[in-house]
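A short write-up of the structure that comes next.
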Amino acid sequence: MSELVWRKSSRSGSNGNCVEVALRTEGVAVRDSKDRAAGHFGVSVRQWRSFLARLKHGYYDG
């Protein structure tokens, strides 16, 4: 198993409320940047693309 390469958005603020993502063979891994030791969860490419589309269209805006 290869090492995951984690990254976070360049738009992430300095307040620490960020997630990091890494590409995997099976899809995308996601983790909390404040608590990396807690592990990560994985989603399929289809699920990740759906999430990003909703995010871009304001679906999660308060």
Residue within region 18-29 that is surrounded by 11 or more Cβ atoms within 10 Å (Cβ to Cβ), in a loop (DSSP other than H, G, I, E, B), at pLDDT below 95 and touching a Cys at 6+ places or on another chain (Cβ under 6 Å) present: no
Meets criteria (loosely packed, with under 11 Cβ neighbours inside 10 Å and either out of contact with any strand residue (DSSP E or B) (no Cβ under 7 Å at 6 or more places or on another chain) or among the acidic types (Asp, Glu) (or both)) for ALA38: no
ALA37 being touching a Leu at 6+ places or on another chain (Cβ under 7 Å) and of a type in the set (A, V, I, L, M, F, W, C): no
Filter pass, LEU52 being part of a loop (DSSP other than H, G, I, E, B) and either surrounded by 10 or more Cβ atoms within 10 Å (Cβ to Cβ) or in contact with a Lys or Arg (Cβ under 7 Å, 6 or more places away or on another chain) (or both): no
Restricting region 34-49 to residues that are part of a helix (DSSP H, G or I) and of a type outside the set (S, T, N, Q), the residue that is farthest from TRP6 (Cα to Cα): ARG46
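The values are calculated or read from the model by the stated rules, or taken from the named source; none is laboratory data. All values derive from a computational prediction rather than experimental measurement. Glycine gets a Cβ as well: all are built from the backbone with ideal geometry, and neighbour counts include every protein chain shown.
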